[in-house]
Amino acid sequence: MTDTREGWLTWLPFGTLFVSLLLVIAALNTPIPRQDLGVVVLVVAVTAAWVGWWVTLHPGWQQRHGLMVVFFLGLLVCDLLLVWASPLFGFFVWTGYLFAGYALPGMWRVAGAVPVAVISALAQIGGIPTVTVADGAAFFAVAVVINLVIAGVMIYSETRKEQASAVRDKMLDDLATANVRLEEALRENAGLHAQLLVQAREAGMLDERQRMAGEIHDVLAQGLTGIVTQLEAADAHPREREHHLAAAKRLARQGLAEARRSVQALRPQQLDGAALPEALGEVVESWSELTGLRAELVTTGSPRRLLPEIEATLLRTAQEGLANVAKHADAGRVGLTLSYMEDVVTLDVRDDGAGFDPAEPREATADGGFGLRAMRERLSRIAGTLEVESEPGAGTAISACVPAITVGGTA
Ligand SMILES: Nc1ncnc2c1ncn2[C@@H]1O[C@H](COP(=O)(O)OP(=O)(O)OP(=O)(O)O)[C@@H](O)[C@H]1O
Ligand SMILES: [Mg+2]
């Protein structure tokens, strides 16, 4: 029901009831049948009170279907009494269609309209007694049918319109809800996006910091360690002084060049223009020269050009592995194996020296303990892995495994 219709219900029924009463009074001296004026006024008062109580004073009851059925049945009784009191109340009975719309849900209104049509027809043919006169019943039946057709069509189309508008309202509501959800989702998305950017930036910073830490360890710290070792050797063996000083100078120059390259994120100098096996051979040879220990490099499989980051990582792994052998192992034999397999490339560095317990890794401190960790981080950045096998007194073997991604992109 529309608001306008409900607005009418607060005055229209009372208006028609009052006007009908005035008509009855005006027609007191006509042959229009009626009951005693006192009875008429009583029935009018009861009807006004019934409508006033259920509709005007308790508009909220419209939502309670059970109560509304009681109201509507009571109204039908009032209508019948009014028409019995005077057929002129037919004007009021007509408002029963409006009340059917007010009190009954959906298509029940059509059912509610039937008794209203019957009572209206009674009024239209001149009151209840007319039904009993000759042909009165036939007139009555025709009047009922006409009333029913008019009321049925009106209520049916009104209800259809109302249902369509309810569907439209629901669609609009759903649309509004969907819009609100969409806005929320967009806001949430924007938040997530911002968060992702921050995280990506932080991850990038962390990654770069780890890379720099690795470079500082592999390039500067290793170089400086080598220089210190050579200078100490020069002090300890005056006869070989020149030789150790020259080695220290060479290491310092190499370290400086490497430091410059790592600031610019370039490949290790050994890899410039050379393939990995040759670059590793060079590293092994100069390590042997410096330490006086023979290290042997074996290459298996079919060597091919890997991505620069992968080759650089393997070279750094060999350098740190050898630096550790020189620093910690006190080994007699050192061997390196570079194996090119179908999908992966592995690099092993083995020695027969002091060994250690890999389950108890050394804490990283200012004077070391960072090498193996940096190696592992470097490898994991290119989807590689590192395995360390060692035992006190039984030598050490480290093994790096990386994906065999070649420069052209195929393994
Ligand atoms: N080949 C090896 N032989 C014996 N011990 C080793 C060997 N490699 C590593 N270790 C042991 O593992 C520890 C950790 O090695 P790592 O390279 O991480 O640190 P570091 O060499 O002590 O210091 P840094 O590499 O930071 O200069 C070493 O301190 C040493 O005790
Ligand atoms: Mg080390």
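Under a crude label model (7 Å from the Cα following the beta-carbon direction), how far is W50 from R250 in nanometres?
Taking the simple label geometry, W50 and R250 are separated by 12.1 nm.
Below 18 Å, Cα to Cα, which lysines can K161 reach? Residues fewer than 8 away in the same chain don't count.
Within the straight-line limit of under 18 Å, K161 reaches these lysines: K170.
If you stretched the chain out fully between R187 and E158, how much longer would it get, using 0.36 nm times the residue separation minus the C-alpha to C-alpha distance?
Details: separation 29, 0.36 × 29 = 10.44 nm, distance 4.29 nm.
Roughly 6.1 nm would be gained on extension.
Which one of G353, A233, P308 has its Cα pushed farthest toward the positive end of the charge dipole of the chain, where Lys and Arg give +1 and Asp and Glu give -1 at the Cβ?
Value: P308.
Cα to Cα, under 19 Å, and not fewer than 8 places away if on the same chain: which aspartates and glutamates meet these conditions relative to K249?
D218, E232, D235, E240, E258, E282, E285, E289
At A213 and R201, where each label point lies 7 Å from the Cα along Cα→Cβ, what is the point-to-point distance in nanometres?
2.2
Taking all protein chains in place and a 1.4 Å probe, what share, in percent, of the accessible surface of the chain do carbon and sulfur account for?
Reported share for carbon and sulfur atoms: 63 percent.
Of all the Cα-Cα pairs you can form in region 99-224, what percent are over 19 Å apart?
Everything past 19 Å amounts to 73 percent.
Summing -39500 (n - 2.57) over the DSSP H runs of n ≥ 4 in the chain and dividing by its residue number, what mean residue ellipticity at 222 nm do you reach, to the nearest 500 deg cm²/dmol?
So the helix-based figure for the chain works out to -21000 deg cm²/dmol.
Using a simple charge model, +1 on the beta-carbon of Lys and Arg, -1 on the beta-carbon of Asp and Glu, nothing else, what dipole does region 275-411 show about its Cα centre, in debye to the nearest 20?
Approximately 320 debye in magnitude.
Accessible area per residue of the chain at 1.4 Å probe, in Å²?
I get 57 Å² per residue for this part.
Once Lys and Arg get +1 and Asp and Glu get -1 on their Cβ, which of V24, Y102, V40 lies farthest toward the positive end of the dipole of region 3-133?
Most positive-ward Cα: Y102.
Full extension from Q264 to S165: what is 0.36 nm times the residue separation minus their Cα-Cα distance, to one decimal in nm?
28.5 nm
Per residue and in cubic angstrom, what volume does the convex hull of the Cα atoms of region 275-411 have?
Each residue corresponds to 103 Å³ of Cα convex hull volume.
What does a probe at L67 reach in region 78-108, counting residues whose amide N is under 19 Å from the point 7 Å along Cα→Cβ?
99-106
Region 3-133: D in µm²/s via Stokes-Einstein (Kirkwood Rh, Cα pairs, 4 °C, 1.567 mPa s)?
Details: Rh = 14.9 Å.
Once the numbers are plugged in, D ends up at 87 µm²/s.
Picking from V153, C78, A185, whose Cα lies most toward the positive end of the charge dipole for the chain (charges on Cβ: Lys, Arg +1; Asp, Glu -1)?
Among V153, C78, A185, the one farthest towards the positive end of the dipole of the chain is C78.
Taking the chain, how much of its Cα-Cα pair set, in percent, is spaced more than 37 angstrom apart?
Here the tail beyond 37 Å accounts for 56 percent of pairs.
What size of dipole, in debye to the nearest 20, comes out for the chain about its Cα centre when the only charges are +1 on Lys and Arg C-beta atoms and -1 on Asp and Glu C-beta atoms?
On the way: 33 positive and 46 negative charges, 379 e Å.
Dipole of the chain, to the nearest 20 debye: 1820 debye.
Would you mind checking region 311-354 for residues with the amide N under 12 Å from a putative spin-label position 7 Å along Cα→C-beta of S302?
Backbone N within reach: 341-342.
The values are calculated or read from the model by the stated rules, or taken from the named source; none is laboratory data. For clarity, every value in this text was computed on a predicted model and none was experimentally measured. Note that each Cβ is placed from the backbone with ideal geometry, even for glycine, and that neighbours are counted across all protein chains shown. The accessibility values were calculated without ligands, DNA or RNA, using every heavy atom of the protein model including side chains. Shrake-Rupley method; radii C 1.70, N 1.55, O 1.52, S 1.80 Å.
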